[in-house]
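As structure tokens, the structure follows; a few thoughts come after it.
The values are calculated or read from the model by the stated rules, or taken from the named source; none is laboratory data. Everything quoted here is computed from the prediction, not taken from an experiment. A quick note on method: Cβ atoms are made from the backbone with ideal geometry, for glycine too, and the neighbour counts reach across all protein chains shown. Ligands, DNA and RNA are excluded from the accessible area calculation, which covers all protein heavy atoms including side chains. Shrake-Rupley method; radii C 1.70, N 1.55, O 1.52, S 1.80 Å.
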Amino acid sequence: MAYKEIYLAGGCFWGLEYYMSLLRGVKQTEVGYANGHTPPPTYEQVCRGDTGYAETVRVTYDPGEISLASLLDAYYEAIDPTSLNRQGGDAGPQYRTGIYYTGNAEKEEIEASLRALQERYPGKPVQVECAPLQNYFPAEEYHQKYLWKNPAGYCHISFETFQKAKNWGGSPEVM
């Protein structure tokens, strides 16, 4: 079975990249910028908040080892899905949460997943954007695998959440 890709935005991409890489079935991660409206941006341009880009992790996974549904459930554990343009201490549109897909079958599954997630937060709207991937540009090299290079680096995701990812028991059923 061929690997698949999904693009996940969840605040600062350093921690989300590390978190996703810990999941069984995730084969590769890369940080970058998704769904903006300018030519390929720099980190400094994205930080200004006016390019439309979200800090995003490109996740390559084996659907025979982890289903999209399980991958999304793990993603929801690492974010505050009711927070708009903020995760942890990071604020601004570049830190929004979002799921960016490349196929219509994924769209239906993501939307169903978000409806189920909303049921867990009655009275608080889920703020996770669901949209087709319009564009994606890899971030600068110094951002790639940042927490591997800087183990004491900033991260809004807790150590306990990283531990959950290492032991993630999501079902590996095929999509």
Where region 1-136 is the region considered: accessible area per residue in Å², 1.4 Å probe | 41
Note down, for the chain, the three equivalent ellipsoid semi-axes (square root of 5 times each alpha carbon gyration tensor eigenvalue), biggest first, whole angstrom.
-> 22, 18, 17
Would you calculate the volume per residue, in Å³, of the smallest convex hull containing every Cα atom of region 83-175?
-> 159
Under a straight-distance cross-link criterion of Cα-Cα below 16 Å, which aspartates and glutamates are reachable from K149, leaving out those fewer than 8 residues away in the same chain?
-> E17, E30, E140, E141
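Using Cα-Cα distances under 8 Å and only pairs 6 or more residues apart, what relative contact order does region 72-115 have, in percent?
Details: 23 pairs, mean separation 12.3, N = 44.
Computed over region 72-115, the figure is 28 percent.
If packing is taken as the average number of other Cβ atoms within 10 Å across a peptide's residues, how do 73-82, 118-127 rank, most packed first?
On the way: 73-82: 19.9, 118-127: 11.3.
Packing proxy ranking, top to bottom: 73-82, 118-127.
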Once the in-chain neighbours fewer than 8 apart are removed, the lysines whose Cα is under 21 Å from K107 read K4
May I have the extent of the alpha carbons of region 77-130 along their three principal axes, as whole Å values ordered from largest to smallest?
-> 34, 26, 16
Ranked by GNM mean-square fluctuation in the chain (Cα springs under 10 Å), the top entry among A116, A131, A34 is A116
In nm, what is the difference between 0.36 nm times the number of residues separating C47 and A105 and their Cα-Cα distance?
-> 17.6 nm
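Share of the chain's accessible area from carbon and sulfur, percent, 1.4 Å? Before the final figure, lay out each step's value.
On the way: 4200 of 8100 Å².
For the chain, the apolar C and S fraction of the accessible surface comes to 52 percent.
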Computed ³J(HN,Hα) along region 50-60: with the Karplus parameters 6.51/-1.76/1.60, θ = phi - 60°, integer Hz and x for glycine or proline, the list is 10, 8, x, 7, 10, 5, 9, 10, 7, 10, 9
